[in-house]
1. Name the residues in segment 15-24 that are in contact with a strand residue (DSSP E or B) (Cβ under 8 Å, 6 or more places away or on another chain) and touching a residue at least 24 places away in the same chain (Cβ under 8 Å), would you?
2. Count, please, the residues in segment 142-169 that happen to be within 18 Å of residue 228 (Cβ to Cβ) and either under 19 Å from the mean Cα position of the chain (by Cα) or in a loop (DSSP other than H, G, I, E, B) (or both).
3. Only residues that are farther than 26 Å from residue 246 by Cβ and either at pLDDT 95 or above or touching a strand residue (DSSP E or B) at 6+ places or on another chain (Cβ under 7 Å) (or both): list them for segment 159-184, please.
4. With the requirement that a residue be part of a loop (DSSP other than H, G, I, E, B) and touching a residue at least 40 places away in the same chain (Cβ under 8 Å), what does segment 248-278 give you?
5. Are there any pairs with C-beta distances below 9 angstrom linking a residue in segment 234-247 that is without any contact (Cβ under 8 Å) to a residue 12 or more places away in the chain to a residue that is outside any helix (DSSP H, G or I) and surrounded by fewer than 19 Cβ atoms within 10 Å (Cβ to Cβ), with the two at least 6 apart or on different chains, and if so which?
6. Among the residues of segment 110-136, write down those that are within 20 Å of residue 165 (Cα to Cα) and modelled with pLDDT of 95 or more.
């Protein structure tokens with residue numbers, strides 16, 4: 001049994017006309033990992049997704065691609081609320097217009113007009129043009145060496161959002177058409193001119209995409225629910241061989257439910273060089289050591305393990321704007337430990353040690369530690385500065401000259417008085 005770092009309760013909202021047995025392999029695969037699946041239809045009220053302003057499930061699978069009416073607790077607004085409560089979402093779409101079609105735009109995904117499924121005539125096959133074998137590009141989310149997967153559904157265009165995580169893109173020769181009985185190149189020409197919408201075609205279109213929320217929750221959008229079906233799991237590829245749908249679906253669910261690529265910062269430490277106790281305050285120009293300990297979740301062993309695989313981690317020492325931005329490299333021989341030594345800037349104020357690491361597919365790492373940076377005390381300044389020796393010499397020579405002048409002037413006055421008294425006698 002695999003353990004989960006965010007919980008094992010899963011609510012599956014299944015459209016009535018979709019048979020549970022049609023997705024038996026996918027659901028049984030989740031149960032073998034230890035997930036507890038609860039099923040309900042879109043219009044059912046119980047079990048509630050949110051009750052007393054608290055999420056009742058750790059994950060929600062929404063396999064209702066054509067339903068247009070849902071219970072009050074399953075609305076676009078409630079799903080957004082679920083993400084803020086750290087509940088992960090797996091949502092399947094379809095070419096039909098539904099309430100969740102507009103919700104996709106909130107996740108920076110633009111869908112084509114309703115009724116425009118993805119179509120491709122390559123490679124040659126006996127299946128309809130809307131049932132497409134799609135090659136899988138290498139990704140940290142997916143298992144290496146996956147075979148092409150069968151897909152049928154709607155594509156979407158990516159907007160410019162760093163939180164989006166593309167997982168599966170459309171084939172280069174595919175396009176979205178408003179007719180499932182596509183007759184050839186004429187449909188392509190019509191698509192370029194119709195309504196001024198342009199051509200929905202090529203590998204820039206997405207079929208499966210993830211969204212990594214700032215709070216840590218994940219949402220995955222899939223253009224067609226058939227990708228998870230037993231039929232597509234077992235359908236032979238045009239050139240022969242088993243498709244990669246089963247492993248692909250398992251990998252997508254593992255990422256969505258935060259089994260894979262889940263990181264966390266266990267703790268951070270900071271102190272002066274040659275010290276071990278964290279400083280309550282630091283003085284300008286102090287040599288400061290900052291250390292972070294990072295771990296990665298291993299679902300097989302049910303543990304968080306030290307992780308030293310981040311090569312581009314950075315630390316910022318900031319007051320409003322970063323005064324210092326430096327690499328925070330892993331320490332050799334110390335798994336999970338990242339450390340750097342730097343000189344505090346010659347600027348006093350309230351500073352922060354900040355780690356803000358965002359990479360596609362990985363859990364966002366954020367840490368902020370406030371420390372005061374003060375100027376030296378009155379007895380903390382050096383007594384003599386090498387750069388000030390010209391001023392020291394000037395001051396000393398002036399003082400010596402003044403003393404000599406005073407001595408000579410006083411001595412000269414005594415001699416004049418002595419001469420005057422001698423003449424008087």
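The values are calculated or read from the model by the stated rules, or taken from the named source; none is laboratory data. All figures in this text were calculated on a predicted structure; none of them were measured in a lab. Cβ placement follows ideal geometry from the backbone for every residue including glycine, while neighbour counts extend to all protein chains displayed.
1. The initial filter retains those residues of segment 15-24 that are in contact with a strand residue (DSSP E or B) (Cβ under 8 Å, 6 or more places away or on another chain), namely 15, 18, 20, 23.
Matches in segment 15-24: 15, 18, 23.
2. Applying the first criterion (within 18 Å of residue 228 (Cβ to Cβ)) to segment 142-169 yields 142-143, 146-156, 167-168.
Among the residues that remain, those that are also either under 19 Å from the mean Cα position of the chain (by Cα) or in a loop (DSSP other than H, G, I, E, B) (or both) are: 142-143, 146-148, 152-155, 167-168.
Counting residues in segment 142-169 that are within 18 Å of residue 228 (Cβ to Cβ) and either under 19 Å from the mean Cα position of the chain (by Cα) or in a loop (DSSP other than H, G, I, E, B) (or both) gives 11.
3. Those that are farther than 26 Å from residue 246 by Cβ and either at pLDDT 95 or above or touching a strand residue (DSSP E or B) at 6+ places or on another chain (Cβ under 7 Å) (or both): 159, 163, 175, 176, 177, 182.
4. Here is the first cut: in segment 248-278, the ones part of a loop (DSSP other than H, G, I, E, B) are 257-262, 273-278.
Matches in segment 248-278: 257, 258, 259, 260, 261, 262, 273.
5. From segment 234-247, the pairs are 234/242; 236/242.
6. Of the residues in segment 110-136, the ones within 20 Å of residue 165 (Cα to Cα) are 110-112, 134-136.
134, 135, 136 - these are the residues of segment 110-136 that are within 20 Å of residue 165 (Cα to Cα) and modelled with pLDDT of 95 or more.
Residue by residue, here is whether (1) farther than 21 Å from residue 159 by Cβ; (2) modelled with pLDDT under 95; (3) in a loop (DSSP other than H, G, I, E, B) holds:
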| residue | (1), (2), (3) |
| --- | --- |
| 191 | no, yes, no |
| 206 | no, no, no |
| 232 | yes, no, no |
| 241 | yes, yes, yes |
